[in-house]
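In what follows, a structure is listed as structure tokens, so that the remarks can point back to it.
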Amino acid sequence: MGQITPSMLVVSAHAADFVWRAGGAIAVHAQKGYFVKVVCLSFGERGESAKMWRKAGMDLAQVKAARRQEARKAAEILGVSDIEFFDLGDYPLRVPDEALFRLVEIYREVRPAFVLAHSREDIYNCDHPLATHVAQEARIIAQAHGHTPEKPVIGAPPVFLFEPHQPEQCNWKPDVLLDITSVWEKKRQAFETMAAQEHLWEYYTRVALQRGAQAARNSEKNIQYGEGYMRVFPHVTEVLA
Ligand SMILES: [Zn+2]
């Protein structure tokens, strides 16, 4: 038997969220050979596609198709191994048990070394915390021996919450800073495929520079671009540093 490929799972409420918020982490781990699975619960067709809706004759099917295409393209640039769209609708996102159990199945198939999801609070967006609730619930069910006992349970993959648009209002504080300098060009290229949200390109470049400066300040490393994450579970280790 060959070496086991490590894997990671990203749960994104809308089609583009994983690109802005976790694109660096995805590209870094993809480059290291991780199998990267992304689940998009919706396309962000109603709430996160404002520019497309300004075009005459636009309808939901066209917006969804365009956002799917953009997300696929961005995923390819970042090195995502597999992207799955649940198409549950947004604004509001609603998650039926069927989708929850599909996510449980994904946990058991992918067996992620870690999981990325949204902040647990977001007063500007109810879909984001719901996505995280579902990601957490699916993780717990995937650990339960009594759920589909014929398939092996998963361990305890750490969960990291990516940065919301307005961190202070979402009670989100970074306790992990990831160096994404080596993949920054890929992230920038990936989010530039998000034509519907061009107004965010410069914003997320500033965020990356800010987190990069903080990462450099908290280490002895020469880091230019970074991504911040908030841990959900305690960090388990044999030595402290
Ligand atoms: Zn979103």
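Taken together, ARG21, ARG46 contain a single residue that is touching a strand residue (DSSP E or B) at 6+ places or on another chain (Cβ under 9 Å), charged (D, E, K, R) and within 13 Å of the ligand (Cβ to nearest atom), which is ARG21.
Scanning the range 143-166 for residues that are surrounded by fewer than 13 Cβ atoms within 10 Å (Cβ to Cβ), in contact (Cβ under 8 Å) with a residue 40 or more places away in the chain and of a type in the set (A, V, I, L, M, F, W, C) yields one hit, ALA156.
In this structure, is SER182 in contact (Cβ under 8 Å) with a residue 60 or more places away in the chain, among the hydroxyl-bearing types (Ser, Thr, Tyr) and over 20 Å from ARG120 (Cα atoms)? Give the derivation first.
Values: in contact (Cβ under 8 Å) with a residue 60 or more places away in the chain: yes; among the hydroxyl-bearing types (Ser, Thr, Tyr): yes; over 20 Å from ARG120 (Cα atoms): yes.
Considered against the rule, which asks whether it is in contact (Cβ under 8 Å) with a residue 60 or more places away in the chain, among the hydroxyl-bearing types (Ser, Thr, Tyr) and over 20 Å from ARG120 (Cα atoms), SER182 comes out as yes.
Picking from residues in the range 114-132 that are in a loop (DSSP other than H, G, I, E, B) and among the acidic types (Asp, Glu), the one that is surrounded by the most Cβ atoms within 10 Å (Cβ to Cβ) is ASP122. The residues listed here are GLU137, GLU227; of these, the one that is touching a Lys or Arg at 6+ places or on another chain (Cβ under 7 Å), surrounded by 13 or more Cβ atoms within 10 Å (Cβ to Cβ) and either closer than 30 Å to ARG111 by Cβ or at pLDDT 95 or above (or both) is GLU227. Would you be able to say whether some residue in the range 96-104 is surrounded by 15 or more Cβ atoms within 10 Å (Cβ to Cβ) and in contact with a strand residue (DSSP E or B) (Cβ under 8 Å, 6 or more places away or on another chain)? Yes - at least one qualifying residue is present in the range 96-104.
Would you confirm, using the coordinates I've provided, whether GLY44 is out of contact with any Cys (no Cβ under 8 Å at 6 or more places or on another chain) and under 24 Å from ARG102 (Cα atoms)? So GLY44 passes the test.
Screening VAL63 with (1) at negative phi; (2) under 18 Å from the mean Cα position of the chain (by Cα) gives one miss only, at (2). One residue alone among LEU60, LEU88, LEU78 is free of Cβ contacts under 8 Å to residues at least 60 places away in the same chain, touching a Lys or Arg at 6+ places or on another chain (Cβ under 9 Å) and more than 15 Å from the ligand (Cβ to nearest atom), and that residue is LEU60. Looking across GLN189, GLN197, GLN169, GLN224, one residue alone is in contact (Cβ under 8 Å) with a residue 40 or more places away in the chain and part of a loop (DSSP other than H, G, I, E, B). It is GLN224.
Residue check: ILE83 meets all listed conditions (1) surrounded by 22 or more Cβ atoms within 10 Å (Cβ to Cβ); (2) among the β-branched types (Val, Ile, Thr); (3) within 16 Å of the ligand (Cβ to nearest atom) but one, namely (1). Filtering the range 91-122 to residues that are touching a helix residue (DSSP H, G or I) at 6+ places or on another chain (Cβ under 7 Å) and either free of Cβ contacts under 8 Å to residues at least 12 places away in the same chain or small (Gly, Ala, Ser) (or both) leaves ALA117, SER119.
Tallying residues that are surrounded by 21 or more Cβ atoms within 10 Å (Cβ to Cβ) and at pLDDT 95 or above within the range 187-203 yields 2.
The values are calculated or read from the model by the stated rules, or taken from the named source; none is laboratory data. Only a predicted model underlies this, so the values are computations on that prediction, with no experimental measurement involved. Note: ideal-geometry Cβ built from the backbone for every residue, glycine included; neighbour counts use all protein chains shown.
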